[in-house]
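Step one of this worksheet: look at the structure below.
The values are calculated or read from the model by the stated rules, or taken from the named source; none is laboratory data. On a predicted model such as this, the values are computed, not experimentally measured, just so you know. For neighbour counting, all protein chains shown are included, and Cβ atoms are generated from backbone atoms with ideal geometry for every residue, glycine included. Note: areas computed on protein heavy atoms with side chains; ligands, DNA, RNA excluded. Shrake-Rupley method; radii C 1.70, N 1.55, O 1.52, S 1.80 Å.
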Amino acid sequence: MLNQFCTKLFTGFIYFFILNSAVCVAQQAGKTDAIYSGVPWYDQNGNVVSAHGANIIRDNGKYYLFGEAHSDTSNAFAGFNCYSSTDLYNWKFESIALPLQPAGKLGPNRVGERVKVMKNPTSGEYFMYMHADTLGYKDQFVGYAISKNITGPYQFKGPILFNGKPIKKWDMGTFQDQDGKGYILTHGGVIHQLADDYQSIVAETNKQLTSGFESPTLFRKGNIYYFIGSNLTSWEKNDNYYYTASSLSGPWTAQGLFAPKGSLTWNSQTTFVLPVEGTKDTTFIFMGDRWSYPRQLSAATYVWQPLNILGTAISIPEYMQAWQVNTSTGEKTQFKGNFKVIENSNKSIHYKGKWLHVSDTTSISRATDKNDSFSYTFRGKQIGLYTLALPDNGYAKIVLQNKKGKLINQNLVDLYSKTPKIGLVYLSPILPHNDYTLRVFVAGERPNWSDKRKSNYGSTANTITIDKLIVRK
Ligand code: GAL
């Protein structure tokens, strides 16, 4: 009896140790060579890049990405992260530019979202703007913080004031015009002009255009201003739309959608447009968030696509799974890479548990029971997983190990989509050429949530589906 108990206790310890060591082991540093949408990105420490509701500014030849630091357990403010990059593919974690405050409006159990940074052209100081709120979204205002260094620490100052009053709006963005003037954008399409010192608001440049129009994003090409926003569907993706004007005060012309109808903006919500100006061309990068509530740290990803611009028409007609932008010339190209495709029916994929192999319009393998899994051993330097994302899909747990069993990379990925979509959902960092094993498990969880009106969103089951694997030789 006692012996059995001891054996159980010992086995329990071993499991505890294995599980925890898997979590604590430092993961392989991120290394990549293109912009891949919809997959977790890894920083120089092997941690997932957590920078949502983001913006990017270029400073001293480097790009700085600011975004919301998320957790997998709650929506409470966890700070705003800053990353840097020279190629826009590999991101180095710099700092928590504005950490969780000990108390106050960005203290514990508050919300902090849609962080945006601009450099004041006169003082040379960096200004950070954000949406601050309660966890239930009942005390919203646009706040600001200042730093002498781009990476922070930023000093939180509270609400930015217009005639002595805060701007009580939730979704917000910023825009810096060619003359250095700064603007605060809020949902509905309102634009406010900042004072020259960026520390208060001096004018309402544009009145509300419409209801909804969340995640307001504005950019300029030549003499045309483009104003993008989303519908109001919480973390769920929808078809975003835009307006154009030749002046920030309008009149604004509604231009409709810029991604194919029903693509839900290629399954993302806009947050910023970055012009990459080079010697030969300027590529405008549409930056969107593919949210994944509640696992926003592990499984929310980035959808960055080049925008086609022709006069007042902007579009993302196709989803570019992988592409490159040359930060010197400003030119963009589709990226193919030297990948071998392994279909889900390949005999070297070992399925464990109740898997169904379905051949409809696409051939997929699917499983729903927690811990059902498949594994694939390969020789190469990178592996990726394509899925058919579906409304009843949940999270998959990915574990990548080398031939000695050392953990290389572990992550949760989100296979849910409100409308069916084939796409890459996981891509390992580029690794030394060697033997590795990828294991993919049904996590037994799914993204789902309800908004302030108690409407339910998200997936209806925990299914995971595999379309194919890709291996880089
Ligand atoms: C979205 C908004 C996000 C976040 C979310 C919360 O519509 O754009 O920033 O506030 O709602 O449900």
| Among the trypsin sites (Lys or Arg not before Pro) within the stretch 223-306, which fall in a DSSP loop and have no more than 16 other Cβ atoms within 10 Å of their own Cβ? | Lys261, Lys280
| said: If I compute solvent accessible area with a 1.4 Å probe over the protein chains, what percent of it on the stretch 341-432 is carbon and sulfur? | reply: 51
| remark: Karplus-derived 3J(HN,Hα) from phi for the stretch 64-81 (6.51 cos²θ - 1.76 cosθ + 1.60, θ = phi - 60°), whole Hz, x at Gly and Pro, runs 10, 9, 10, x, 5, 7, 10, 10, 9, 10, 8, 9, 5, 3, 10, x, 10, 8
| If r is the Cβ-Cβ distance from Lys207 to Asn308 and R0 is 35 Å, what FRET efficiency results, to the nearest 0.05? | 0.70
| said: Rounded to the nearest 20 debye, what is the charge dipole size of the stretch 34-334 about its Cα centre when +1 sits on each Lys and Arg Cβ and -1 on each Asp and Glu Cβ? | reply: 320
| note | To the nearest Å², the heavy-atom accessible area per residue of the stretch 34-334 with 1.4 Å probe amounts to 36
| query | DSSP loop trypsin sites (Lys or Arg not before Pro) in the stretch 309-372 with at most 10 other Cβ atoms within 10 Å of their Cβ, which ones? | reply | Lys336, Lys347
| task | Return the aspartates and glutamates within reach of Lys381: Cα separation strictly under 15 angstrom, same-chain partners fewer than 8 residues apart disregarded; answer none if there are no such residues. | result | Asp33, Asp435
| field | Span from the the stretch 396-438 Cα centroid across to the the stretch 24-57 one, whole angstrom | value | 13
| Translational D (Stokes-Einstein, µm²/s) of the stretch 212-272 at 37 °C and 0.692 mPa s when Rh comes from the Kirkwood sum over C-alpha pairs? | 278
| field | trypsin sites (Lys or Arg not before Pro) within the stretch 433-472, DSSP loop, no more than 12 other Cβ atoms inside 10 Å | value | Lys452, Arg453, Lys454
| task | Please give the contour-minus-distance gain from Asn402 to Glu125: 0.36 nm per residue of separation, less the Cα-Cα distance, rounded to one decimal in nm. | result | 95.1 nm
| task | List the equivalent ellipsoid semi-axes of the stretch 34-334 in whole Å, largest first, each obtained as the square root of 5λ for an eigenvalue λ of the Cα gyration tensor. | result | 25, 23, 20
| message | Skipping prolines and chain starts, which residues have an amide H placed within reach, meaning under 5 Å, of the one on Ile160, given they are 5 or more residues away or on another chain? | response | Val142, Gly143, Tyr144, Ile167
| task | Would you mind checking which residues have amide H under 5 Å from Gly53's amide H? H placed 1.01 Å from N; only 5 or more apart, or other chain. | result | Glu68
| request: Compute the distance in nm between two label points, each set 7 Å from the Cα along the Cα-to-Cβ direction, one at Asp139 and one at Thr361. | output: 4.8
| Rounded to whole Hz, the Karplus (6.51, -1.76, 1.60) HN-Hα couplings of the stretch 172-181, x for glycine and proline | 9, x, 9, 8, 10, 7, 4, 8, x, 6
| request: Taking the chain as the reference, fit the longest principal axis to its C-alpha atoms, fit the long axis of helix 2-24 to the helix C-alpha atoms, and give the angle between the two in degrees, 0 to 90, nearest 10. | output: 40
| Carbon and sulfur %, accessible surface of the stretch 34-334 computed with the full protein complex present, 1.4 Å | 49
| request: Name the lysines eligible as straight-distance cross-link partners of Lys454: C-alpha to C-alpha under 18 Å, and not fewer than 8 places from it in the same chain. | output: Lys138, Lys237
